[in-house]
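Let me begin by presenting the structure, written as C-alpha cells, before commenting on it.
No lab work stands behind these numbers, since they all come straight from the coordinates. Model, not experiment: these values are computed from the prediction. We place every Cβ from the backbone using ideal geometry, glycine too, and count neighbours over all the protein chains shown.
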Amino acid sequence: MPEPLKPDELAPEYAAVLTTQEYTRKTPIEGVKILSLNLMMDDGGTFAELVRLDETGHLLAIPEFQVRQSSYSLVLPGAIKAFHLHYGQEDVWFVPPTDRLLVGLLDCRKNSPTCGVSMRLVLGGGRAQLLYIPRGVAHGGANIDAKPSSIFYFVNQHFNLDDPDERRLSWDTLGAEFWQMTPG
C-alpha cells in the first residue's frame, strides 16, 4: 500500500484553503429531544406511528407533554420560516420521510445551561423522527429542497388568535448563512 500524502506534498494554493468537515456530535440544547420512529416498509409503501397517547392525552414517548392541538404547515421551496419561540407552548414536529426540512433551534432561556447554543438538523430525508422543542427555544425551518415540505406538529396548548403565544426573532439572528445548504 502506498504511503499517505503529507500536507507539504499538496500544491500550496490548495493546501492553504483545505478544511476538514466536522463529524463530531454538537452540544445538544437542554431539553430538546429527537425521537426516532419505526418506519416500516414493504413492497406497497411505508408506515410510521407518529404518536401514542395515554388516556389523558399525554405522549407516551414524552410523558410530560400533553397534546392539546395538532396542526399542519406546508413550506414552499426556498422559504425560511424562522425564528419564533413560545412562553408556554411546547412543540413536537414531524416532517414526513418523503420531505426534507432544515430545522434551526436557538436556546433563548437565560437560566438554561445551554443558553445561546444553536442547533441545525434535517427532519425527513428518508427518516421518521419526532422533534420535541421546549418553550423558550427559538425554532424555525428552511426548505432547501426543490419541492414543498410538510410539517405536522403537536402542541400543548390551543392557539389563540387574540393573544398568540408566539414571539419573533429575525430569520437571520444567527446569520443568513445559517439557513443555507452546506456546500461540499
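Roughly what would the spin-label model give for Ala146 and Ala15, points 7 Å off Cα along C-beta, in nm?
4.0 nm
Only four residue types carry charge here, +1 at the Cβ of Lys and Arg and -1 at the Cβ of Asp and Glu. Report the dipole size of region 70-184 about the Cα centre in Debye, rounded to the nearest 20.
Here the size comes out at about 260 debye.
Could you give the Stokes-Einstein D for region 143-184 in µm² per second, using the C-alpha Kirkwood radius, 4 °C, 1.567 mPa s? Let's see the in-between values first.
Working: Rh = 13.9 Å.
Reported coefficient: 93 µm²/s.
Using just the C-alpha positions of region 111-183 as equal point scatterers, what log10 of I(q)/I(0) does the Debye formula give at each q in 0.20, 0.21 1/Å?
Summing over Cα pairs of region 111-183 leads to -1.24, -1.33.
How far apart, in nm, are the 7 Å Cα→Cβ label points at Met181 and Ser71?
2.8 nm
Identify the residues of region 74-92 with backbone N under 16 Å of a label point that sits 7 angstrom from the Cα of Asn160 along the Cα-to-Cβ direction, or state none.
86-90
Tell me which GluC sites (Glu not before Pro) from region 1-34 have a DSSP coil assignment and no more than 11 other beta carbons within 10 Å of their own.
On the way: sites: Glu9, Glu13, Glu22, Glu30; in loops: Glu22, Glu30.
Here the GluC sites (Glu not before Pro) that fit, given the DSSP loop and packing criteria, are Glu22.
Quickly rank 39-51, 89-101 as a protection proxy: mean count of other C-beta atoms within 10 Å, highest first.
Highest mean packing first, the order is 89-101, 39-51.
If you average the sequence gap of Cα pairs under 8 Å that are 6 or more apart and divide by the length of the chain, what percent do you get for the contact order? Before the final figure, lay out the partial values.
Details: 359 pairs, mean separation 51.6, N = 184.
RCO, the chain: 28 percent.
Can you give the Rg to Rh ratio of region 30-158, both from alpha-carbon atoms, with Rh computed by the Kirkwood formula?
Values: Rg = 14.7 Å, Rh = 15.2 Å.
Computed over Cα atoms, the ratio is 0.97.
Semi-axes of region 79-128's equivalent ellipsoid from the Cα gyration tensor, sqrt of 5 times each eigenvalue, largest first, rounded to whole Å?
24, 12, 11
Could you list which residues have their amide H under 5 Å from that of Ala82, counting only those 5 or more apart in sequence or on another chain, with H placed in the peptide plane?
Under 5 Å from the amide H of Ala82 lie the amide H atoms of Gly141, each far enough along the sequence or on another chain.
Treating cross-link reach as a plain straight distance, find the lysines whose alpha-carbon is under 21 Å from the alpha-carbon of Lys110, omitting any fewer than eight places away in the same chain.
The qualifying lysines are Lys26, Lys33.
Between region 68-86 and region 1-44, how far is it from one alpha carbon centroid to the other, in angstrom?
Cα centres, region 68-86 to region 1-44: 28 Å.
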